[in-house]
Amino acid sequence: MLGMIRNSLFGSVETWPWQVLSKGGKEEVSYEERSCEGGRFATVEVTDKPVDEALREAMPKVMKYVGGSNDKGIGMGMTVPISFAVFPDEDGALQKKLKVWFRIPNQFQSNPPVPSDDSIKIEERESITVYSMQFGGYAKEADYIAQATQLRTALEGTVTYRSDIYFCTGYDPPMKPYGRRNEIWLVKI
């Protein structure tokens, strides 16, 4: 636990590599099209719980892994954003299923530490292209749904993206009170 706290407060922060391909907007909504590098990710999947509750279960597990709860006993440093996949129903409400994706820092990509917690899996993910929209505040499930709706509306009729999944991302530690950065990522088809 101490390693997790030390890492989140004083550890290095690495940004998940991406390239902005284009920028756009419609009315008050601005967005970017980005190509996000693939790699190895620590993942935690939670089902049968609402998104906010599932995050409260999954995030501490990921933070402990990053902070040293692994076979090497080392804190790896953070990568941002931490993303989590959500799965919308046709009406826009989110299913009770969530998957957190933490991109393992570049230094550990070739040989990531093995998690001590069996619910954490190390997975390889290909590069993805996303349509990304930024917003602030302490985001909750209702905020992600509203922001995803705004982004879909802005993109309507101009691009294609997956409707069965999208990513919610966060860049800031929970103790940061203002100037917070969150994003919605719709995955380009």
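Of all alpha-carbon pairs in segment 37-78, indicate the percentage at a distance above 15 angstrom. Don't skip to the answer; put the middle values down first.
Working: 434 of 861 pairs.
So the pairs more than 15 Å apart make up 50 percent of the total in segment 37-78.
Accessible area per residue of the chain at 1.4 Å probe, in Å²?
On a per-residue basis, the chain sits at 51 Å².
Once the convex hull of the alpha carbons of segment 65-116 is built, what does its volume come to per residue, in cubic angstrom? Mind dumping the intermediate values first?
Values: hull volume 4.9 nm³, N = 52.
Dividing the Cα hull volume of segment 65-116 by its residue count gives 95 Å³.
Taking 7 Å along the Cα-to-C-beta vector as the label spot, tell me the residue 153-residue 129 distance in nanometres, rounded to one decimal.
For the pair residue 153/residue 129, the computed spacing is 2.6 nm.
Quick check: pseudo-label points 7 Å beyond the Cα along Cα→Cβ at residue 110 and residue 52, how many nm apart are they?
Result for the modelled spin labels: 4.5 nm.
On alpha carbon coordinates alone, what is the Rg over Rh value for the chain, Rh being the Kirkwood radius?
On the way: Rg = 16.3 Å, Rh = 17.0 Å.
Across the chain, the Cα-based Rg/Rh ratio is 0.96.
Cross-link list 64/96; 96/140; 23/97; 61/140; 61/188; 61/96: which exceed 21 angstrom alpha carbon to alpha carbon?
On the way: 64/96 24 Å; 96/140 14 Å; 23/97 31 Å; 61/140 19 Å; 61/188 29 Å; 61/96 19 Å.
In this structure, 64/96; 23/97; 61/188 exceed 21 Å between Cα atoms.
Just to make sure I understand: if all protein chains stay in place, what is the order of 29, 159 by accessible area at 1.4 Å, largest first?
Details: 29 20, 159 45 Å².
Sorted descending by solvent-accessible area, the residues read 159, 29.
Determine the distance separating the Cα centre of segment 96-129 from the Cα centre of segment 20-55; give it in Å without decimals.
15 Å
Normalised by the empirical 2.2 N^0.38 Å for globular proteins, what value does the Cα Rg of segment 54-144 take? Don't jump to the answer; show the numbers that get you there.
Working: Rg = 14.7 Å, N = 91, 2.2 N^0.38 = 12.2 Å.
Normalised Cα radius of gyration, segment 54-144: 1.21.
Net charge near residue 156: determine it from the other residues with C-beta under 14 Å of the C-beta of residue 156, scoring Lys and Arg +1 and Asp and Glu -1. Working shown, then result.
Values: positive: 26, 152; negative: 27.
Cβ neighbours under 14 Å give a net charge of +1.
Rounded to the nearest 0.05, what FRET efficiency is calculated for residue 146 and residue 15 with R0 set to 30 Å and r the Cβ-Cβ distance?
On the way: r = 26 Å, r/R0 = 0.86.
Efficiency for this residue pair is about 0.70.
The values are calculated or read from the model by the stated rules, or taken from the named source; none is laboratory data. Bear in mind that the values here come from a model prediction, so they are computed numbers and not experimental data. Every residue, glycine among them, receives a Cβ derived from its backbone with ideal geometry; neighbour counts consider all protein chains shown. Note: accessible area is taken over every heavy atom of the protein model, side chains too, but ligands, DNA and RNA are not part of it. Shrake-Rupley method; radii C 1.70, N 1.55, O 1.52, S 1.80 Å.
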